[in-house]
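Report on one structure; see the data block that follows.
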Amino acid sequence: MRPKARKTWLLLHVISSVGWLGVTVGMLVLALAAFDAPQLYQAMELLGDLVVLPLALGALGTGVVLSLRTKWGLVKHKWVLVKFVLTVVAVVATTFALRSGLHEAADGVVGTAGGDVLAASCVSLALYTFNTVLSVFKPWGRTRWA
């Protein structure tokens, strides 16, 4: 990949990843506040559908392009492979678990949805923070497929 193209893909990856992390912090704050103001679940539903999911897919897509088109490879280094697997898990969980919980809570079926949304936000934040640490420190060396 040419340097300008690599930097462009890297910029898109950083923007989508940092955006995903930032929106997750906002979702965590809203999830805490929603226990006293359930109408906030409607805002969270919008964020989940219109912001979180596109950012998640953007982070996944740009990460795959970068891994396949640069020296890191998708399966050459353990940190890249772990980050990829965790991102796929997060995208699937966001698509099917978090968003459905947000839709239930926004429709007024709060019940356990409030706790579920709070837990999902906490897990997501921990996961994205861990992925950021992996990106910075690049631990563990090469895989056996390198």
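The values are calculated or read from the model by the stated rules, or taken from the named source; none is laboratory data. Please read all numbers here as calculations on a predicted model, not as lab measurements. Cβ coordinates were reconstructed from backbone atoms using ideal geometry, including for glycine residues, and neighbour counts include every protein chain displayed. What goes into the accessible areas is simple: the full protein's heavy atoms, side chains included, and nothing from ligands, DNA or RNA. Shrake-Rupley method; radii C 1.70, N 1.55, O 1.52, S 1.80 Å.
Just a few scattered comments:
- Figure legend. Inter-residue proximity from the stretch 2-23: first residues under 9 Å from Thr62 (Cα atoms), second residues outside any helix (DSSP H, G or I), beta-carbon distance below 8 Å, spacing 6+ or different chains. Indicated pairs: Trp9/Met1.
- Residues in the stretch 115-146 that are out of contact with any helix residue (DSSP H, G or I) (no Cβ under 6 Å at 6 or more places or on another chain), of a type outside the set (Ser, Thr, Tyr) and farther than 15 Å from Ala90 by Cα: Gly115, Val133, Val136, Phe137, Gly141, Arg142, Arg144, Trp145, Ala146.
- Residue count for the stretch 55-78, restricted to those that are more than 17 Å from Val136 (Cβ to Cβ) and within 10 Å of the chain's Cα centre (by Cα): 5
- Flag for Ala90 being surrounded by 20 or more Cβ atoms within 10 Å (Cβ to Cβ), touching a helix residue (DSSP H, G or I) at 6+ places or on another chain (Cβ under 7 Å) and closer than 24 Å to Asp36 by Cα: no
- The sole residue among Trp79, Trp9, Trp72, Trp20 that is aromatic (Phe, Trp, Tyr), open to solvent by 30 Å² or more (accessible area, probe 1.4 Å), in contact with a helix residue (DSSP H, G or I) (Cβ under 7 Å, 6 or more places away or on another chain) and at pLDDT 95 or above is Trp9.
- Single residue of the stretch 24-39 satisfying the filter (out of contact with any Gly (no Cβ under 9 Å at 6 or more places or on another chain) and part of a helix (DSSP H, G or I)) that is farthest from Leu98 (Cα to Cα): Ala33
- Given (1) under 21 Å from Thr24 (Cβ atoms); (2) open to solvent by less than 50 Å² (accessible area, probe 1.4 Å); (3) in contact (Cβ under 8 Å) with a residue 60 or more places away in the chain, number of the condition Pro38 does not satisfy: (2)
- Extreme residue, surrounded by the fewest Cβ atoms within 10 Å (Cβ to Cβ), among residues of the stretch 103-146 that are free of Cβ contacts under 8 Å to residues at least 40 places away in the same chain and over 19 Å from Thr87 (Cα atoms): Arg144
- Residue ID - farthest from the chain's Cα centre (by Cα), chosen from residues in the stretch 28-42 that are aliphatic (A, V, I, L, M) and farther than 30 Å from Trp9 by Cα: Ala37
- Pair list, Cβ < 7 Å and 6+ apart or interchain, from the stretch 61-75 residues that are part of a helix (DSSP H, G or I) to residues that are of a type in the set (S, T, N, Q): Thr62/Ser16; Gly63/Thr87
- Selection of first residues in the stretch 83-96 that are within 28 Å of Arg142 (Cα to Cα) and of second residues that are outside any helix (DSSP H, G or I), restricted to Cβ pairs under 7 Å at least 6 apart or on distinct chains, gives the following pairs, ordered by first then second residue: Phe84/Leu74.
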